[in-house]
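Here's the structure we're looking at; comments come further down.
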Number of protein chains: 2
Amino acid sequence: MSKPLILISNDDGVTSSGIRKLVELMSQIGEVVVVAPDGPQSGMGHAITVGDTLRLSRTDIFGGIQAYKCSGTPADCIKLAKHEVLKGRKVDLVVSGINHGSNTSISVLYSGTMSAAIEGAIEGTPAIGFSLCDFSWHADFSHVDEYVLKIASQALKNGLPEGIALNVNIPPKQNEDIKGVKIARQANARWEEEFDKRKDPHGRDYYWMIGNFVNHDKGEDNDEWAIANNYISIVPCQFDLTGHHAFSHLNEKWDL
Amino acid sequence: MSKPLILISNDDGVTSSGIRKLVELMSQIGEVVVVAPDGPQSGMGHAITVGDTLRLSRTDIFGGIQAYKCSGTPADCIKLAKHEVLKGRKVDLVVSGINHGSNTSISVLYSGTMSAAIEGAIEGTPAIGFSLCDFSWHADFSHVDEYVLKIASQALKNGLPEGIALNVNIPPKQNEDIKGVKIARQANARWEEEFDKRKDPHGRDYYWMIGNFVNHDKGEDNDEWAIANNYISIVPCQFDLTGHHAFSHLNEKWDL
């Protein structure tokens, strides 16, 4: 029986240690092809490159693994992989990450890691974005192996419902031992931005965005709770944004 | 009674005729403040600028209207507007657009127009993204006034459920007269990408992304059907991506 075909991307770029860990683990359970950004693409959300050109070139950074770096966004990488690199070969699993930093709660919207996974799901492929809740470039990924392998293997074995990609967040290494895995909902939390206003050497103003993460969600069934209590969180994410609960408000209260 | 405060952004940039139309219309019903990208940001999805600086400068392009151009994404514009321009003043409505081109179905994920609206909703403000289903830079917006004013006025009067932004798409001018407005769900359609591979003057490969929109959705309650039948579509969009219907699959079929 041939090995499953696993497509890997990320948003921290092809040289990050998070994607290296993912390549190492996925190679144990499948044939791996990597198409990842040639530099950092954090915060790119579900951006695609429509008004500019794209570059794609082979890299031997992972030894014998078929790997490419791409000038585009994570979503671009998945599209280019499927159509140019794999030429329509059936992909069995898309995995993205492992992100250096958490993508819990509202951060899923801004996450390039998850946009690669969601792009996989749009094309009908089981897809998972993995994130480690540690923003350091030198983050310790040594505790993730068992869980990443188990979750990816379950996706290969049991599939995922149509229109769903998984958002998996893993507590940082320095916490106590991981207690297990929780299927969770997206917490109702958000970033409250501030801007650090500075003057450039020419006397003109510029800004750095900084933010404070504020969690107003008191529930124990969400991803923030899971991570805070040292569980791995798995949020099934959908790309159908329709808010069906809003139909009655619009139909009853609005006069159109 | 003071006029409601309406914040306007878009993704085609501050010089587009779509935002000019929106400024003209919103000025009839509120005090308008514009913070919009200084150039095209189409396809930016929910990107934010985290690894680079942001510029923000006043522009008199709309005469007496308080307006700024920003080097960032549409989501950046809303964040900067609320925190730096309006310094925490309560915004009554965020409107984005009018986009030159449709944002129906799956395009909502890639849409900078909608990311500005969703950013408004995240901050608890009623928010609407308007798109005209005509990609031309010289698109004719002369037929939209009545509908844009009505929809924005209803949002100011009746509000929106928490966590919801509206995705409004308007048929192009060249179609027959608009039949009315449909509250719709996001159609189950997607882009099938192709890549146009070329060689640059130095002999190196590059790609242009091109795509064909494929609609597999046979329903008559979705945004694609509405536009195809010359109705304005309004899809209530949520930023909680949790796919609750996937919980049973994960809890019953997966062994974690």
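Taking every residue in B:151-160, how many Cβ atoms of other protein chains lie within 10 Å of its Cβ, on average?
Taking the mean over all residues of the peptide, I get 3.
Under 12 Å from the Cβ of B:Gly18, count the other residues' Cβ atoms, weight Lys and Arg +1, Asp and Glu -1, and hand me the total.
-3
Please state the shape class of chain A: rounded when a/c is under 1.5, otherwise prolate if a/b exceeds b/c and oblate if not, all from the C-alpha gyration tensor.
Verdict is rounded for chain A.
Quick check for me: using +1 on Lys/Arg Cβ and -1 on Asp/Glu Cβ, what's the dipole size of region A:143-256 about its Cα centre, in debye to the nearest 20?
Roughly 200 debye for region A:143-256.
Please report, for A:Asn230, the nm distances (one decimal) from its label point, 7 Å out from Cα along the beta-carbon direction, to the equivalent points in the remaining copies, shortest first.
Values, ascending and in nm: 6.6.
Quote the charge dipole size of region A:3-96 about the Cα centre in Debye, to the nearest 20; the model charges only the Cβ of Lys and Arg (+1) and of Asp and Glu (-1).
280 debye
If each DSSP helix of 4+ residues adds -39,500 (n - 2.57) and the sum is divided by the residues in chain A, what number results at 222 nm, nearest 500 deg cm²/dmol?
-6500 deg cm²/dmol
What is region B:72-127 by shape, rounded, prolate or oblate, if you read a ≥ b ≥ c off the alpha carbon gyration tensor as root eigenvalues and call it rounded for a/c under 1.5, prolate for a/b larger than b/c, and oblate otherwise?
prolate
Checking the a/c ratio against 1.5 first, then a/b against b/c, what shape does the Cα gyration tensor give for region A:36-99?
rounded
Give me a single rounded figure for B:207-215: the average over its residues of other chain Cβ atoms within 10 Å of their Cβ.
For peptide B:207-215, the averaged partner shielding equals 4.
Going Cα to Cα from A:Lys157, which lysines come in below 17 Å? Please leave out same-chain ones fewer than 8 positions away.
Partners within reach: A:Lys3, A:Lys90, B:Lys253.
Quick check: the distance between the Cα centres of region A:22-46 and region B:24-90, to the nearest angstrom?
Here the answer is 34 Å between Cα centres.
Rounded to the nearest Å, what's the spacing between the alpha carbon centres of region A:169-195 and region B:216-256? Just the number, please.
26 Å
Highest GNM mean-square fluctuation, chain A, Cα pairs closer than 10 Å: which of A:Thr113, A:Thr59, A:Thr125?
A:Thr59
Provide an ascending nm list, one decimal, of label-point separations from B:Asp205 to the equivalent residue in each further copy; define each label point as 7 Å from Cα along Cα→Cβ.
4.7
Taking beta carbons within 10 Å but only from partner chains, what does the mean come to for residues A:49-62?
Per residue, the number of nearby Cβ atoms from other chains is 4 on average.
With charges set only on the Cβ (+1 for Lys and Arg, -1 for Asp and Glu), what does the dipole of region B:33-139 come to about its Cα centre, in debye to the nearest 20?
The dipole of region B:33-139 has a size of about 280 debye.
Taking each label point as 7 Å beyond Cα in the direction of the beta carbon, state the distances from A:Lys90 to the same residue in the other copies, shortest first, in nm.
Reported distances to equivalent positions: 5.7 nm.
Among B:Asn229, B:Asn169, B:Asn158, whose mean-square fluctuation peaks in a Gaussian network model of chain B (Cα, cutoff 10 Å)?
Of B:Asn229, B:Asn169, B:Asn158, the Gaussian network model singles out B:Asn158 as fluctuating most.
Considering only B:Tyr231, B:Tyr207, B:Tyr110, give the residue with the highest GNM mean-square fluctuation for chain B, with springs between Cα atoms whenever their separation is below 10 Å.
Comparing B:Tyr231, B:Tyr207, B:Tyr110 in a Gaussian network model of chain B, the most mobile one is B:Tyr207.
Where a number appears in this text, it was derived from the coordinates with a stated rule and is not lab data. This is a predicted model, so every value here is computed, not measured. As a convention, Cβ positions derive from the backbone with ideal geometry for all residues, glycine included, and neighbour counts pool all protein chains shown.
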